[in-house]
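The values are calculated or read from the model by the stated rules, or taken from the named source; none is laboratory data. Computed from a prediction, not measured in an experiment: that's the story for all the values here. Positions of Cβ are backbone-derived with ideal geometry, glycine not excepted, and every protein chain shown enters the neighbour counts.
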Amino acid sequence: MAGHFTFLHQLEPEWATAQDLYTFTQKLIQTPSTSTHEGDVAALVAEHLTTLGFPHVHVSPMGCVIATLGNGNGPTLLYDAHMDTVEPATEAWPHPPFDGVIENGALYGLGAVDMKSAISTMVYGARQLLPYQDEIDGTLVLAFVVQEEPCEGLAIRTVVEEDGIRPDYVLIGEPSNMQISRGQRGRVMFKVSVRGKSCHASQPALGQNAIYAASRLVFNVELLADTLLKDPFLGPGTIAVTGIESRGASLNAIPDLCKLYVDRRLTLGETVNGARAQLESMIARENLPATVEITTYEEASYTGMVRTAREAHPAWVLDRAHPLVTALSHTIQTVRGAAPEITHWPFSTDGAYTMGEAGIPTVGFGPGDPNLAHTPREVVRLDDLKAAAHVYAGFAAMMLMPGKVR
């Protein structure tokens with residue numbers, strides 16, 4: 001590994017340019033990009049990549065920003081980060097969510113964790129490799145995708161299956177607190193429709209209240225939660241009712257329909273069909289007139305392109321001994337001086353497609369505490385931005401420049 005250490009130190013930039021990294025991250029945060037409205041941030045990213053000297057930059061029909069480096073004579077390593085954010089949390093923020101305030105060595109704002117810091121650090125990490133483009137024996141792809149928040153895997157699927165980019169390896173920059181993530185639980189969203197019989201609310205005995213029937217299912221879901229399978233690495237499967245809708249002629253009428261939305265997280269050993277069968281068993285046991293279906297996501301991207309996806313995603317884990325994990329661990333230890341923890345994400349990512357469906361070896365590393373995602377407390381340390389950029393540069397060099405680091 002001596003060559004790897006030497007080349008990593010050679011890559012280490014003059015961090016007078018660190019301010020450029022911080023400023024770019026600020027600009028990303030200051031540019032709103034909620035899901036399906038990523039156009040402004042996509043334009044910013046594409047323009048910045050071109051200004052920095054990346055030779056091949058384009059925006060895909062879906063609206064993803066794609067940049068490539070290398071001679072194409074070896075494997076393809078794809079770095080994945082999403083440009084969209086959720087809506088700002090309604091709780092009080094320490095600083096306005098779009099201000100990108102830097103204070104006490106940290107950067108605050110919506111996307112500081114999830115996951116505009118990964119975009120900026122991937123860009124500035126890859127920038128370190130620009131002088132060595134001809135020595136990249138393969139291809140490094142930066143894929144900054146859209147609409148990941150509402151439907152993970154949707155846009156990266158188009159990059160692979162429609163744009164013709166076929167990676168051999170994927171690194172996802174979702175926040176991991178600068179540690180390694182090598183898996184996640186799966187996710188499926190169920191809609192349970194419970195039927196009733198409408199009548200005037202002044203004579204409820206003449207009808208069948210769909211809300212009352214649905215409440216029996218809610219109770220059963222709560223009981224089921226404590227009995228789900230547990231995996232020693234990924235942890236237990238989970239289930240939660242996350243939405244309730246009812247339909248009635250008026251507020252003076254007994255509702256004839258109640259819909260429950262059930263978020264189900266699948267650990268290893270659980271399947272989508274098995275999780276559905278659990279709900280259907282509840283319905284049969286309670287003798288309820290109800291049906292279960294998996295929800296579908298279908299929203300136009302900011303470019304107008306529409307792709308439909310079933311909201312059902314498998315669990316996945318990359319073997320701890322896989323060369324991706326080993327190489328990333330060595331790189332992080334070289335940059336940060338300490339071996340990283342090797343863990344998993346608590347949430348779902350684009351790996352549900354790349355590894356879970358497409359079978360592409362996938363690993364994760366990114367700045368930011370994942371526990372702060374989707375909260376008003378998103379904050380990332382500037383030192384972590386600088387270190388993450390260096391890790392992304394070194395990892396790509398290790399995977400694609402064997403003449404330099406082997």
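A few notes on this one:
- Checked against the criterion of being under 13 Å from Val170 (Cα atoms), assigned by TED's automatic domain parsing to the domain that holds Val170 and of a type in the set (Val, Ile, Thr), the candidates Val391, Val379, Val335, Val325 yield just one match: Val325.
- Any hit, segment 176-198, residues being surrounded by fewer than 20 Cβ atoms within 10 Å (Cβ to Cβ), free of Cβ contacts under 8 Å to residues at least 12 places away in the same chain and out of contact with any Lys or Arg (no Cβ under 6 Å at 6 or more places or on another chain): no
- The strands (runs of 3 or more DSSP E) found wholly in segment 342-406 and carrying at least 3 residues that are in contact (Cβ under 8 Å) with a residue 24 or more places away in the chain and more than 16 Å from Ser117 (Cα to Cα) occupy 342-345.
- Thr343 satisfies every condition listed in (1) out of contact with any strand residue (DSSP E or B) (no Cβ under 7 Å at 6 or more places or on another chain); (2) within 22 Å of Gly394 (Cα to Cα) except (1).
- Restricting attention to segment 334-350 and to residues that are under 15 Å from the mean Cα position of the chain (by Cα) and closer than 17 Å to Asn177 by Cβ, the residue that is surrounded by the fewest Cβ atoms within 10 Å (Cβ to Cβ) turns out to be Pro346.
Residue by residue, here is whether (1) buried (at least 16 other Cβ atoms within 10 Å of the Cβ); (2) at pLDDT 95 or above; (3) of a type in the set (Lys, Arg); (4) under 17 Å from Tyr124 (Cβ atoms) holds:
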position: Glu38; (1), (2), (3), (4): yes, yes, no, no
position: Leu52; (1), (2), (3), (4): yes, yes, no, yes
position: Val59; (1), (2), (3), (4): yes, yes, no, no
position: Asn71; (1), (2), (3), (4): no, no, no, no
position: Tyr108; (1), (2), (3), (4): yes, yes, no, no
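- When residues of segment 307-341 are limited to those that are in a loop (DSSP other than H, G, I, E, B) and aliphatic (A, V, I, L, M), the one nearest to Leu78 (Cα to Cα): Leu318
- Residue within segment 117-125 that is in contact with a Phe, Trp or Tyr (Cβ under 6 Å, 6 or more places away or on another chain), part of a strand (DSSP E or B) and buried (at least 18 other Cβ atoms within 10 Å of the Cβ) present: no
- If you go through segment 360-406 and keep only what is surrounded by fewer than 24 Cβ atoms within 10 Å (Cβ to Cβ), closer than 23 Å to Ile156 by Cβ and in contact with a helix residue (DSSP H, G or I) (Cβ under 8 Å, 6 or more places away or on another chain), you end up with Ile360, Pro361.
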